[in-house]
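The values are calculated or read from the model by the stated rules, or taken from the named source; none is laboratory data. Quantities reported herein were computed from a predicted structural model and do not represent experimental measurements. Every residue, glycine as well, gets a Cβ built from its backbone with ideal geometry; the counts of neighbours run over all protein chains shown. Quick note on the areas: whole protein, heavy atoms, side chains included, nothing else; ligands and nucleic acids left out. Shrake-Rupley method; radii C 1.70, N 1.55, O 1.52, S 1.80 Å.
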Amino acid sequence: STLAATGDLAMGTADSGTAGSSGNVVFSSGASTVGTAGNMTLSVGVTNTYNGGHMSLTAGSTTAAVSTGGAVLFTGGSGTNVDGGAGGKVVFSGGAASGGAGGNVDFGGGTSTHDNGGHVYLTGGQSDGGVTKSGGNVEVRAGTAATGTGGSIHMISGEGALSGIILLETPSAGESGESGGIFTSTGTTKAGSSGVFSVSTGTAQGGSGGAITYTVGSGDTGDGGQMALYSGATSADGSTGGTLVLTAGAGEATSGGAGGSVVVQGGASSATTDCDSMYYCDGVLVTAEEHALVMSGECTHDCSSSFYGLEFVACPSDGGSIVSIPTYKYDAIISGCTHSCDGGSVMVRGGQTASGAGGAVHILGQDSLAGGNSAAGGMVMIRSGGSTGTAGDITLLSGYSSSATSGEVDIRSGEGLGTASSGAVKLNSGDTCDGNTGSVVIATGDAKVGATGSISMTVGKATEAGGDVTLSAGTTTGAGYNGGLVSILSGSGGASASTTGGNGGSLTISAGKGAAGMDAASGGNGGDVTIDAGTGGTGGTGGMVYIGLSSEGVEIGHPDDTKTVNIHGKMVVASLQVGGTGRAAVSKHESIVSSTIDPPELSPTQTWFQDLAFPNANLGDIIVVSFSKSIGSCLISAQVIETNTVRIVLFNTGGGGISFDPEAGVFRVSIWQYAV
C-alpha cells in the first residue's frame, strides 16, 4: 500500500487438543555441499515518522505446576572440521544512531513473584583441545568515544532487604596447573591523569560498615605469596611520588567513640625443627654469627683501606677478637632479615635518594587538644618481643656517613607550653625477680684518628630553684654484699715515642657561685662541696676518705693564704712543712714511751743515763725527752747515740748540795727529721 497501513503476516501452528502438544514452527535454509549455506534474516521495516518497530522472540509460557517456561536459545553455527573449523559468533548489538544515543543491549533474568529471580550467565566456550588450548574468554568492554569519554562498566548487585554480593574469583586449578589470576587496573594516558582505582564498602545506618579484606592464598611449596601496595611514581620535574596512606576508621560518636587501630604485623611461624643457621637479609645470605655481631650494636666501620674495593665493619666477639664483616652484609642485616623458625619482621623504611636526604620515618602519637587537663596526647611505645629465653633488643642506630657526620640520636621530651611542665626523660633497665638487673651504659664512640666526643650532663636554667644532679650507686639488701661503687675518672694522656706525652685529663668538682644581691651585703653564698665516707653499721667502722694517693701534690685552701682551713680530729702526717715555700720541711716525727723506770738517787753533780731502743732514729735527729715524775733541780737530756738507739741522761746540778731520788715513772722521747 502506498497510502494506508499494510496487512499483518501471521504464521503459526494450530492449538493442540486436550491430550497432545502443539506443532513446531521451523525456519531453515537449505544445506550446501560445495558453496555457503543460505543465510536467514529477520528484520523489521524502516520508518520515516515514528520509532522503529520491535522484534520480539518469546518462548512459550506454562501454567503447569513445577514446570519451566520455554527457553530462547541463540547458538552460532558449529565448525565441525577438526582441521581449524571454528564455531560461529553470536552477536547482540543495539541499533546504531546518527543523532541520538545508540541502542542499549539489555540482558535480564526473569522476574518471580514467589521464588528467586532468574540468573544471567555469560560463559566462555569449553575447550577439549589439550594443555596448550584455553577455554573461551568472557570480555566485557564499554564503548569507545572519538573525542569524549569512553563508556563506563557498572557491576551492581541486586537491591533487596540484603543487597546481593559481587564475587570475582577464578576456579580451582587441576592437579598440575596453577589457578588463574585476577588483574584490575586503569588504562594508560598520554596527556591527562590515569584513572582512579577505588575500593570501598557502603555506609550503614543500622549496623557496621562492611569490612575490606585482602588475603593472599596459602600454599604448601616455596615461600608464601607476596602482597605489595605501591603508590604511583612520577617523572615530572619538581613533583612528588604518590603518598601511601593507611588510616583506620574514625570513631565519630561524641559519647565513648574511639578511633580504630592500624596494626602492621609480621607473619607468625609455627616451625620447631630444621631451624638452619642462615639468615636471608635484603637478598643477601648471612650466617647466624654475622647477624648476632651486627645486631649487638657494637660494630664500627673499618677505617683502613678497602680490600679490592670491598669495605668492612669491625665487630668485637665474645672472645675478645675482632671479626670483619663486609659492609654490604652489614647494611643488609640492618635493613631487616628473615630466618627459619623466626616470626616475620616488620620493616618501615624511608625512600632512597640519588642526591638529597633519604626519606624520613616519622612515628607520631596524635595530639589531643580539646579535652582540657584530662586529655592526653597519644603515646608512642616501642617494645621488643618477650621470650622464655633472651628477650628481643631495642636498637636505636643513626645512619653512618662516609665523608661528613653520622646522624645524631636525639631523645628529648616535648616542650611545656604556658604553665605546663615538660616531661621527664628516663633511662632505666628493667626490674628482675631472681636475676641481675641490666646495666645502663652511656658512652661516646672510639675515634681512630680524631678526638672522641664529650659527654655532657647539664641541668637546664630556671627562674626558681636550679635542678639537682644526683649520682647514686645501688644499695643492697643482700646479706654480706657491698653497696655499689661510684667511680669518676678523667681520661689518660696519650703516649708518644717522638714528642712529649699527653697530660691526663683534669677532674674538677666545683660548687655553684653565689649571685650578687641588691647591695654589697646581701649576696648569696657559694655552694658547699661535701666529700664524706659512709658511716659504719653496728660493730663496724666508717669508711675512709682518700685524697691524692698517687698525686704529685695535694693543694687545699686559697693560694693567697687569706682563708682558713679547719681540720677537726687527729691529724697524722708523715712530713710537715710550715711557713710556705722555702721553709724547712719536717719529713718525720715519731715518739715512744718507755716502760716504768725508777732512776737511782743522784748525789750533787752525779749523772745517770738509760739507753732505749727507738726504731728509725738516726744520728742528727732533733730529740726531746720528758719524764712523767718530778726531777727536782736535775737536768734531763737525750741524744741518738747510734741508729735505732737513744740515750736519756739525768744530771743533778747539786743545787744546795742536796741529793735527789726521783720517783719511778716513764720517759717519752720524740724525734724530728727534716727533709732539708
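Within region 525-538, the set of residues being open to solvent by 90 Å² or more (accessible area, probe 1.4 Å) and over 30 Å from S439 (Cα atoms) comprises N525, D528, T538.
Number of residues in region 314-341 that are open to solvent by 30 Å² or more (accessible area, probe 1.4 Å), without any contact (Cβ under 8 Å) to a residue 60 or more places away in the chain, farther than 12 Å from L293 by Cβ and not hydroxyl-bearing (S, T, Y) equals 2. Taking the listed residues S487, S510, S522, S498, the one that is among the small types (G, A, S) and open to solvent by less than 50 Å² (accessible area, probe 1.4 Å) is S522, with no other qualifying. Filtering S235, S179 for residues that are farther than 30 Å from S340 by Cβ, open to solvent by 60 Å² or more (accessible area, probe 1.4 Å) and over 30 Å from the mean Cα position of the chain (by Cα) leaves a single hit, S235.
Please go through region 377-403 and pick out each residue that is in contact (Cβ under 8 Å) with a residue 12 or more places away in the chain and among the small types (G, A, S). Within region 377-403, G377, G378, G385, G399 meet the criteria.
Any chance region 59-71 includes a residue that's out of contact with any helix residue (DSSP H, G or I) (no Cβ under 9 Å at 6 or more places or on another chain), part of a loop (DSSP other than H, G, I, E, B), under 30 Å from G143 (Cβ atoms) and open to solvent by less than 100 Å² (accessible area, probe 1.4 Å)? Checking region 59-71: at least one residue is out of contact with any helix residue (DSSP H, G or I) (no Cβ under 9 Å at 6 or more places or on another chain), part of a loop (DSSP other than H, G, I, E, B), under 30 Å from G143 (Cβ atoms) and open to solvent by less than 100 Å² (accessible area, probe 1.4 Å). Write out, first by first residue and then by second, each pair whose Cβ atoms fall under 9 Å of each other, whose residues are 6+ apart or on separate chains, and whose first residue, in region 404-415, is open to solvent by less than 100 Å² (accessible area, probe 1.4 Å) while the second is hydrophobic (A, V, I, L, M, F, W, C). Pairs that qualify, where the first residue is open to solvent by less than 100 Å² (accessible area, probe 1.4 Å) and the partner is hydrophobic (A, V, I, L, M, F, W, C), are G407/L397; V409/L396; V409/L397; S413/A424; S413/V425.
The set of residues in region 622-650 that are in contact with a Phe, Trp or Tyr (Cβ under 9 Å, 6 or more places away or on another chain), surrounded by fewer than 19 Cβ atoms within 10 Å (Cβ to Cβ) and under 16 Å from I671 (Cβ atoms) comprises I622, I623, V624, S626, I636, S637, N644, T645, R647, V649. Taken together, A370, A268, A292 contain a single residue that is hydrophobic (A, V, I, L, M, F, W, C) and more than 25 Å from the chain's Cα centre (by Cα), which is A370.
If you check G438, G478, G453, G517 for being more than 30 Å from S550 (Cα to Cα), assigned to a loop (DSSP other than H, G, I, E, B), modelled with pLDDT of 80 or more and in contact with a Ser or Thr (Cβ under 6 Å, 6 or more places away or on another chain), only one passes: G438.
So for region 139-146 (the condition being acidic (D, E), over 45 Å from the mean Cα position of the chain (by Cα) and closer than 28 Å to A86 by Cα), does at least one residue qualify?
Pass one, region 139-146, residues acidic (D, E): 139.
Subsequent filtering for residues that are over 45 Å from the mean Cα position of the chain (by Cα) retains 139.
Still in the list and also closer than 28 Å to A86 by Cα: 139.
Within region 139-146 (the criterion being acidic (D, E), over 45 Å from the mean Cα position of the chain (by Cα) and closer than 28 Å to A86 by Cα), the answer is yes, since at least one residue qualifies.
Put simply, of S261, S194 the only residue that is among the hydroxyl-bearing types (S, T, Y), out of contact with any Lys or Arg (no Cβ under 8 Å at 6 or more places or on another chain) and under 30 Å from I156 (Cα atoms) is S194. Restricting region 274-301 to residues that are in contact (Cβ under 8 Å) with a residue 60 or more places away in the chain and more than 21 Å from S384 (Cα to Cα) leaves a set whose member that is surrounded by the fewest Cβ atoms within 10 Å (Cβ to Cβ) is D274.
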